[in-house]
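Structure first, commentary second.
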Amino acid sequence: MRTFSLSLLAAVALSLPALAQAPKTFTLRSNDLGGQATKTEEFNSFGCTGKNQSPELNWANAPAGTKSFAVVMYDPDAPTGSGWTHWVMFDIPASATELPSNAGKPAAGLAPKGAIQSATSFGMPGFGGPCPPEGHGPHEYRFTVYALKTDKLGLDATATPAVVGYYLWQNTLAKASFVSYYERKK
């Protein structure tokens, strides 16, 4: 037993340098949002009464060659047959590594200079928070940051989520996501 323990300990010790040098992955996080969205993020229309404030987002370890970023928030559980896009921001400069809380409100001026917030499934630009139908169960909200190989997508604030998605598909080097859930009970 002692020989096995010493062998295992030696194997672990020899692998530590390799673990320390493991490549870091492109990662998206939020200091405001965990596994559950709150009234702070909830939309303020369509029967919802939240503050409609976008969460702080931060990312790290973008791949070499990244020239800009885009952020999308999407609900695949919306009862539409095609989900619901809650937030689209693109042409975020490559030097940016975060979006502050409420950057999804275009009038607040908190988004990085040059970033464009385009139309969502709500039909307007900017952040539209979670607002699932009452009693529909928990909905999944995917936040994704895209590292892009172009500095500009060549679109404006009138671009639909589908058109932006098409341009993202063509220009993505890497993407990182996290999921938060929200439910409105009857």
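Please treat every number below as a calculation from the coordinates, not as lab data. Predicted, not measured: the structure shown is a model, and the values here were computed from it. Note that we place each Cβ from the backbone using ideal geometry, even for glycine, and neighbour counts take in every protein chain shown.
Of note:
- Between 0 and 90°, nearest 10: helix 2-20 axis offset from the chain longest Cα axis: 50 degrees
- Taking θ as phi - 60° and the Karplus parameters 6.51, -1.76 and 1.60, the scalar couplings of the range 85-95 work out to 8, 9, 6, 9, 9, 9, 6, 6, x, 4, 6 Hz in sequence order, x denoting glycine and proline.
- Among residues other than Ala60 with Cβ under 12 Å from its Cβ, the summed charge is +1 (Lys and Arg +1, Asp and Glu -1).
- Structure note, pairs Lys51/Lys175; Lys39/Lys186; Lys24/Lys175; Lys24/Lys113; Lys39/Lys113: Cα-Cα distances above 21 angstrom occur for Lys51/Lys175; Lys24/Lys113; Lys39/Lys113.
- Gained length - Ala94 relative to Asn44, 0.36 nm times residue gap less alpha-carbon distance: 14.8 nm
- Phi to ³J(HN,Hα) by Karplus 6.51 cos²θ - 1.76 cosθ + 1.60 over the range 144-149, Hz, x for Gly, Pro: 10, 10, 10, 8, 10, 8
- Antiparallel content of DSSP bridges confined to the chain, in %, to 5: 95 percent
- The stretch between Lys186 and Lys113, if pulled fully straight at 0.36 nm per residue, gains 22.2 nm over its current Cα-Cα span.
- Mean-square fluctuations from a GNM of the chain, with a 10 angstrom spring cutoff on Cα atoms, peak among Asp91, Asp75, Asp151 at Asp151.
- Each Lys and Arg adds +1 at its Cβ and each Asp and Glu adds -1 at its Cβ; summed about the Cα centre, the chain shows a dipole of about 360 debye.
- Length gained when the stretch Ala157-Lys67 is fully extended (0.36 nm per residue, less Cα-Cα span): 30.4 nm
- Under 5 Å, built H, 5+ apart or other chain: amide partners of Ala174: Ala147
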